[in-house]
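Everything on this sheet refers to the single structure shown next.
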Amino acid sequence: MQRKFRLSRSEDFKRVRRTGKSYAHPLVVLVTQASDKTSPHIRVGVAAGKTTGTAVHRNRAKRLLREAMRSLLPSLASGWDLILIARPALVTATLADTRSALLNLLQRARILPVDES
RNA sequence: CAGGCUGGUCGGGCAGUCGCGGUCCUGCGUUGUCGGGAUCGAGGAAAGUCCGCACUCCAUAGAGCACGGCGUCGGAUAGCACCCGGGGCGGGGAAGUCCCGUCACUUGUGACGGGAACACGCUGAAAGGCGUGAACCUGCCGGAAAAGGGCCACAGAAACAAACAGCUGCCCUCACCCCCAACCCCUCUCCCCUUAGGGAGAGGGGCGAAGAGGUGAGGGGGUGAUGGUGAAAAGGUGGUGUAAGAGACCACCGGCGCGCGCAGUAAUGCGUGUGGCCAGGUAACCCCCGCCGGGAGCAAGGCCAAGCAGGGACGAAAUCGUCUGUGGACGAUGGGAGAUUGCUCGUCUUCGCAUGUGCCUUUCCCUCUUGUGGGAAGGGCCAGUCCCGGGUAGGCUGCACCGAGCGAUGUGGUGACACGUCGCCCAGAGAGAUGACUGCACAAGCGGAGCGAUCCGCUGGACAGAAUGCGGCUUACAGACCAGCCUGAGGU
RNA sequence: GCCCCCGUAGCUCAGUGGAUAGAGUAUUGGCCUCCGAAGCCAAGGACCGCAGUUCGAGCCUGCGCGGGGGCA
């Protein structure tokens, strides 16, 4: 997942988490917020807190989320800021598990068309 | 071959596809949050942050005290308390581990018995027993706690310095017992004489001095380990000795100090002589001695942009010399304030009735257009230092490094390491780059087939992720390989 | 990333190197009451872990584990 699709500003994180809508899943939590400016891309931020585990486990969770998101990126609607928050169970999940969880969440948030799956 | 111990190396490999980050090169009717290519891309601990440095800042960091750290010897190093090699004192080894034998069954476990290098000493007729050293692993290390202070609960007479109890005819006083001269009484014998009496001897009894012995009490002196304790009580055993005792003396043993000799760079060890037993533990209690240490830390620090709100405290001055354009400048002495992160000295900064081409204002003078301009004097503000408070969390840099650098190799050294030669440039982000899939072998586990070699299928790869960089330490860690040592069995 | 602080009963805290580690509160049981509350009595319950120093460690030293805070 290239950096241009990434959400990186601390200010952006704060805004999305404060005013966005959240969707929960045992593996991941998705937070969505429509971009205030007419951004050409969708931007995705990935987070893993200390409850996820040690540094190895946090990195593992974030890599899984980025890799799963990469294949889904072309079919997503633009103009959204997303945050994916890892939960502890994600450390033991596989890439396929993560991808199906993201599909479920994105369809519930109406960012991914339902007929896609 | 099996098992144990120690040290070292590696810690998933190869190939392909997709994807991510850095650097360099490059393409363009589209200069992009663009495309293409090359190359590089986590660790032995990147971790903990326990030590030591580099580096940066703090208007000074110097000296002394205080404070903190360290403390066997030698070496290594830029440096280090933890590295290397020695020394001393302890602990483990040894209720463990391994091997052998017997038995039992649940077939790899349990029970029982025996043994475990080697050397020396003591004891014993022997079997054997006891002790010491030592291989291997591991902890600690100044003042052998005689510079001084503190503490040592409970128990105990007492916790280090004497006292108390005890022991003690060594001395004094007193009492008593026993022996006993002289004296007195009684009895018996003999002699003189025979009325009475006298003398001598023997026996018994009474009083009982001095003295000898003994007992007890009190006082004085002596004595040092006897005092059910305790973690710890001033060498141990046996004797001599003494009033009683005691290293007071003697023999053997043990420890320590000093001298000498030998070995070693040294710590120290061995031998020998001599002297004393002058005498507890604790310095990870204070302390003393020696050495080291200024403080903070890359969120250090520098630059840019953006942004906010200010407030308080400090304000007292000289003298001398030189030069001079007479406005001042420089220097010295002394002083004030501040810094020196606890104190003193020293040092540094600054000194204000100062400096400014700044701003405001008052008065006067000149010019003159009731204005303007210029000049002089006075007052205030701003720019100072320190403290408190407020704002920013954006970008660039530090920072990806020619370095205490990495790899290979040679030499020296037991080793830490050093010195050469050749080659290389080797991760660097800022929501934070290493992942996914496939195949092949590798090792491990499980299941199935097979007498077996083996085959098939499934699971699935320890601890763990750089953030300024190094060195050491500590902690976590599935396994694999290599080397050395030890034990047992077998073969040659 | 760097720096600092703290771990004692379920909770909040005391605790000179020398007890069976203490207090409040909570818990449990009993008494009291018609029942409860309050009160009274009693009981159980702890030094973060491992080494070391010491005769002796909650206290001193080292390492580890866990928690908290600060720094542009």
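The values are calculated or read from the model by the stated rules, or taken from the named source; none is laboratory data. Everything quoted here is computed from the prediction, not taken from an experiment. Don't worry about glycine lacking a Cβ; one is built from the backbone with ideal geometry, like all the others, and counts go over all protein chains shown.
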Item to check | Residue, surrounded by the fewest Cβ atoms within 10 Å (Cβ to Cβ), within the stretch A:18-30, restricted to residues that are within 26 Å of A:THR92 (Cα to Cα) and in contact (Cβ under 8 Å) with a residue 60 or more places away in the chain | outcome: A:PRO26
Checklist entry - What single numbered condition from (1) more than 10 Å from RNA strand B (Cβ to nearest atom); (2) over 24 Å from A:GLU11 (Cα atoms); (3) surrounded by fewer than 16 Cβ atoms within 10 Å (Cβ to Cβ) fails to hold for A:VAL91? => result (3)
Checklist outcome for this item: Out of (1) on the phi < 0 side of the Ramachandran plot; (2) modelled with pLDDT under 80, the one A:GLY53 does not meet is (1)
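Yes/no per residue for (1) in contact with a Phe, Trp or Tyr (Cβ under 9 Å, 6 or more places away or on another chain); (2) polar (S, T, N, Q); (3) modelled with pLDDT of 85 or more:
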position: A:ARG3; (1), (2), (3): no, no, no
position: A:ILE42; (1), (2), (3): yes, no, no
position: A:GLY45; (1), (2), (3): yes, no, yes
position: A:LEU72; (1), (2), (3): no, no, no
position: A:ALA77; (1), (2), (3): no, no, no
position: A:ALA86; (1), (2), (3): no, no, yes
position: A:THR98; (1), (2), (3): no, yes, yes
Checklist entry - If a residue has to be part of a helix (DSSP H, G or I) and either among the basic types (Lys, Arg) or without any contact (Cβ under 8 Å) to a residue 24 or more places away in the chain (or both) to count, how many in the stretch A:41-72 make the cut? => result 10
